[in-house]
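Asks: Submitted below is the structure of interest, expressed as structure tokens.
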Amino acid sequence: MNKRMLLYIFLLVGLLPLQAQQKTYKEKQNYKNWVRIAPKFDDAFFQTEEASRIGDNVLLYQLETGGWPKNIFMPAELSDEEIEKVKAAKKNINESTIDNSATTTEIRYLSRLYLATNKEKYKEAAMAGILYLLSGQYENGGWPQFWPRPTGYYTHITYNDNAMVNLLNLLREIFEKKVPYTYVSDELCNKARVAFDKGIECILNTQIKKDGKLTVWCAQHDEKTLLPAKARAYEHPSFSGTESMGIVQLLMSLPNPSQRVKEAIENAVVWLEENKIEGFRYEFFTNEDGKKDYRIVPCKEGEPCKTLWARFYSLDDCRPIFCGRDGIIKYNVSEIEHERRNGYSWYTTNGSKLLRDYKKWKKKMSSPEIGGLR
């Protein structure tokens with residue numbers, strides 16, 4: 001093994017959490033580690049044999065639709081038996097998804113690998129992935145979480161975990177021909193641009209209006225009525241603080257926003273300002289079963305206290321809501337079971353960055369050079 005290869009293996013290991021580093025990075029582990037490290041490789045890494053080995057794994061997991069399943073740690077070395085199982089699963093087309101950054105992560109990785117190696121197999125697979133994304137768009141501009149899976153909440157227009165936002169950001173990189181998408185044909189770039197514009201229109205059309213006033217978005221919307229929709233038992237129709245932040249960031253990134261886009265941003269920011277949670281913080285502790293846990297408690301006088309937003313708020317009265325796997329809505333995160341309380345992100349502090357970015361956006365919009373249509 002040459003020195004460059006060793007350097008990149010050490011880099012890869014260094015990017016993983018300490019818990020993951022207790023294994024070798026080639027062992028199976030949490031998919032989040034793949035999503036975390038894949039964008040951080042520098043260009044030189046993609047010229048190594050190790051990058052191609054991982055790329056071949058990415059090819060192996062690609063489904064017949066052109067998309068990928070979620071929750072796969074792509075660098076893991078597979079046994080012959082595991083390889084055969086993955087090959088057999090290629091026909092499981094209903095596992096194709098954009099959830100948990102699946103498909104978009106793989107398209108980016110393969111595109112960078114093609115740019116470094118000029119190997120057609122990586123380009124062809126990335127192109128198949130892009131075509132898969134375009135094929136899933138509804139006429140109203142939204143995307144489901146999974147397709148062609150025909151039933152269940154998977155068919156809803158999905159903002160949850162920034163699924164549609166991540167997809168739209170990728171399409172924009174493609175039609176703007178940003179590196180590594182310089183290989184994409186003008187024809188396909190034009191299709192990506194049209195799909196992007198339809199996606200923005202869908203976002204505007206799904207913004208929740210309450211008492212005649214625009215607010216924010218739900219984590220998922222019905223693909224036919226565009227109304228807030230239920231997903232898993234603990235994901236009720238609601239105002240979503242977390243997902244709405246990602247949507248607003250996307251809208252603020254548009255270079256020449258229309259008046260309608262500006263109004264969507266302004267109203268969403270007003271709602272987020274009105275529903276921030278101040279004066280409370282996380283308190284971590286070990287519960288009576290010896291498990292790590294947390295509760296939300298008032299901040300002590302004089303101590304640092306970050307502004308919080310709940311992930312979900314009631315559509316009726318904007319109270320933060322929480323839910324376990326029993327589907328029963330609670331108004332205190334401590335009232336749901338330990339597994340769901342600690343296995344799901346019920347609060348976020350990302351709104352503070354969004355509000356700072358909004359002030360910069362507002363200043364930019366006051367410039368006379370900015371205006372006209374998106």
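The values are calculated or read from the model by the stated rules, or taken from the named source; none is laboratory data. All of these numbers come straight from a predicted model, not from anything done at the bench. Cβ placement follows ideal geometry from the backbone for every residue including glycine, while neighbour counts extend to all protein chains displayed. The area values use the complete protein model at the heavy-atom level, side chains included, leaving out ligands, DNA and RNA. Shrake-Rupley method; radii C 1.70, N 1.55, O 1.52, S 1.80 Å.
Asks: Which Cα, out of ILE98, GLY343, ILE203, lies furthest along the positive dipole direction of the chain (beta carbon charges, K/R +1, D/E -1)?
Replies: The one lying farthest along the dipole's positive direction is ILE203.
Asks: Further, regarding this structure: Per residue, what accessible area does the stretch 44-193 have, given a 1.4 Å probe and all protein chains present, in Å²?
Replies: Values: 6050 Å² over 150 residues.
With all protein chains present, the stretch 44-193 gives 40 Å² per residue.
Asks: Now a separate question. So what's the net charge close to LYS70: Lys and Arg +1, Asp and Glu -1, counting the other residues with Cβ under 9 Å from its Cβ? Walk me through the numbers before you get to the answer.
Replies: Numbers: positive: none; negative: GLU95, ASP99.
Net charge in that neighbourhood comes out at -2.
Asks: Here is a further query. Using just the C-alpha positions of the stretch 112-202 as equal point scatterers, what log10 of I(q)/I(0) does the Debye formula give at each q in 0.26 1/Å?
Replies: Each listed q corresponds, in turn, to -1.33.
Asks: While we're here: Under 12 Å from the Cβ of SER185, count the other residues' Cβ atoms, weight Lys and Arg +1, Asp and Glu -1, and hand me the total.
Replies: Working: positive: LYS123, LYS177, LYS191; negative: ASP186, GLU187.
Net charge around SER185: +1.
Asks: Now a separate question. Could you name the aspartates and glutamates whose alpha carbon sits less than 12 Å from that of LYS291, not counting residues in the same chain fewer than 8 places away?
Replies: The reachable aspartates and glutamates, counting only those whose Cα sits under 12 Å from LYS291, are GLU339.
Asks: For the chain, what is the charge dipole size about the Cα centre, in debye to the nearest 20, if Lys and Arg each add +1 at the Cβ and Asp and Glu each add -1 at the Cβ? Each step should come with its number before you reach the end.
Replies: On the way: 55 positive and 49 negative charges, 155 e Å.
I would put it at about 740 debye.
Asks: In terms of Cα to Cα distance under 26 Å, which lysines are near enough to LYS224, apart from those fewer than 8 places away along the same chain?
Replies: LYS70, LYS191, LYS198, LYS209, LYS210, LYS213, LYS262
Asks: I'd like the carbon and sulfur percentage of the solvent accessible area for the chain, probe radius 1.4 Å, heavy atoms only, ligands and nucleic acids excluded.
Replies: 51
Asks: Wrap a convex hull around the Cα atoms of the chain, take a quarter of its surface area, and give that in square nanometres. Intermediate results must be reported in sequence, preceding the final value.
Replies: Details: hull surface 88.1 nm².
Mean orientational projected area (the chain, Cα hull): 22.0 nm².
Asks: Any idea which of ILE54, TYR31, PHE280 is furthest toward the positive side of the dipole for the chain, if Lys and Arg beta-carbons carry +1 and Asp and Glu beta-carbons -1?
Replies: PHE280
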